[in-house]
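The values are calculated or read from the model by the stated rules, or taken from the named source; none is laboratory data. Predicted model only: the values in this text are computed from it and were never measured. So basically every Cβ, Gly included, is an ideal-geometry build from the backbone, and we count neighbours across all protein chains shown.
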Amino acid sequence: MQIDVLTSGIWQTTTTILSRAGGCVVIDPAYFPRELAAIASRVAELGTAAAVVFTHGHWDHVMGHTALPGAPVWLHRGLAEAIAGGDPRAERYLEDAREFDSRWYVPRPEGHRWPVALCGLGDGERVELGGIPVRALDLPGHSPDGLGLVVEDVLLVGDYLSSCEIPFIDDPPAYRRTLVRLIDLLAHDVREVIPGHGPRHTAADALAIARADLAYVDRLVAVGQTRDIEGARQIVLPRAEDVVGMRDHHRDNCAKVGIALR
């Protein structure tokens, strides 16, 4: 299996192309039109797109499916059900993309829409995509529809374990459970990790990030339980302290445990 990782100009968002014998699986094609054209061109060099996979529903990971028309789209079963049922969260994901594109004058000729043909994946489910065996992992916490992929000894985790940012938390208990699960995988079954943002990691480097994130989440939950506002302010970020906006994301995380920081 060959692995190509292309990086977007927005937030170092990664697009991973797994290929074998002419069959390609494209994970999270992102994001700008020129980048999507480059992704489609690379797939054409390698063969054909047998499948597109979304690791979760956030707008920066899902808009690129139109660059690979005809490829079935695989995603978390819960997200597939939310889209089919008209769930407001699924519509919000699309609206976020519309707002971003409008603000930055990004052309989107195919519009902002979900794929017509969706294939939902459940936790532990195994499928073969383009001749490549894939095992699905349910990874909630960043979003309720987080989907990880184990492909041979490579782990694709979506918006976890990035060296570029701190955890962006939707559900603190779920996020903690996901980190515990990832730590176990990294300690035993994985050689390489490809996050949704930033560079690839060895399992050892990803394990260090996961442990630092777990310590951060545990501290966050602890101050939330005691409503320790000053303690919340003093939490040391696991990384990216100098990145603009990370303290804002920390405030958002604090709000998830019931602490409003100003």
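Out of the range 119-138, which residues are touching a helix residue (DSSP H, G or I) at 6+ places or on another chain (Cβ under 7 Å) and surrounded by 16 or more Cβ atoms within 10 Å (Cβ to Cβ)?
Kept after step one, since they are touching a helix residue (DSSP H, G or I) at 6+ places or on another chain (Cβ under 7 Å), are these residues of the range 119-138: 120-122.
Across the range 119-138, the qualifying residues are Gly120, Leu121.
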Can you find even one residue in the range 151-160 that is free of Cβ contacts under 8 Å to residues at least 60 places away in the same chain, crowded, with 22+ Cβ neighbours inside 10 Å and not acidic (Asp, Glu)?
-> yes
Some residue of the range 147-162 being of a type in the set (Asp, Glu), closer than 21 Å to Trp11 by Cα, in a loop (DSSP other than H, G, I, E, B) and not assigned by TED's automatic domain parsing to the domain that holds Pro238 | yes
Taking the range 61-74 and keeping only residues that are of a type in the set (A, V, I, L, M, F, W, C) and part of a helix (DSSP H, G or I), one is left with Val62, Met63, Ala67
Residue match in the range 92-105 (condition: closer than 19 Å to Arg126 by Cα and surrounded by 14 or more Cβ atoms within 10 Å (Cβ to Cβ)) = no
Which residue pairs have Cβ atoms under 6 Å apart, sit 6 or more places apart or on different chains, and have a first residue in the range 170-197 that is of a type in the set (Lys, Arg) and a second that is crowded, with 17+ Cβ neighbours inside 10 Å?
-> Arg176/Val217; Arg191/Ala203
Ala203 closer than 20 Å to Thr55 by Cα and in contact with a helix residue (DSSP H, G or I) (Cβ under 7 Å, 6 or more places away or on another chain) = yes
Give the residue that is farthest from His56 (Cα to Cα), with candidates limited to residues of the range 18-34 that are surrounded by 20 or more Cβ atoms within 10 Å (Cβ to Cβ) and free of Cβ contacts under 8 Å to residues at least 40 places away in the same chain.
-> Tyr31
Quick check: anything in the range 155-172 acidic (Asp, Glu), touching a helix residue (DSSP H, G or I) at 6+ places or on another chain (Cβ under 8 Å) and more than 21 Å from Ile27 (Cβ to Cβ)?
-> yes
Which is within 21 Å of the chain's Cα centre (by Cα) and either over 25 Å from Glu165 (Cα atoms) or at pLDDT below 95 (or both), of Thr66, Thr7, Thr48, Thr15?
-> Thr66
Where Tyr216 falls short, out of the listed (1) aromatic (Phe, Trp, Tyr); (2) within 17 Å of the chain's Cα centre (by Cα); (3) over 25 Å from Ala80 (Cβ atoms) | (2)
If you take the residues in the range 35-64 that are among the polar types (S, T, N, Q) and farther than 14 Å from Leu79 by Cβ, which one is surrounded by the most Cβ atoms within 10 Å (Cβ to Cβ)?
-> Thr48
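What strands (runs of 3 or more DSSP E) lie completely within the range 75-142 and have 2 or more residues being within 17 Å of the chain's Cα centre (by Cα), hydrophobic (A, V, I, L, M, F, W, C) and closer than 17 Å to His56 by Cβ?
Working: elements: 118-121, 126-129, 132-138.
Counting at least 2 such residues, we get 132-138.
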Going through the range 73-103 one residue at a time, which ones are in contact with a strand residue (DSSP E or B) (Cβ under 6 Å, 6 or more places away or on another chain) and either of a type in the set (Lys, Arg) or outside the structural domain of His142 (by TED's automatic domain parsing) (or both)?
-> Arg77
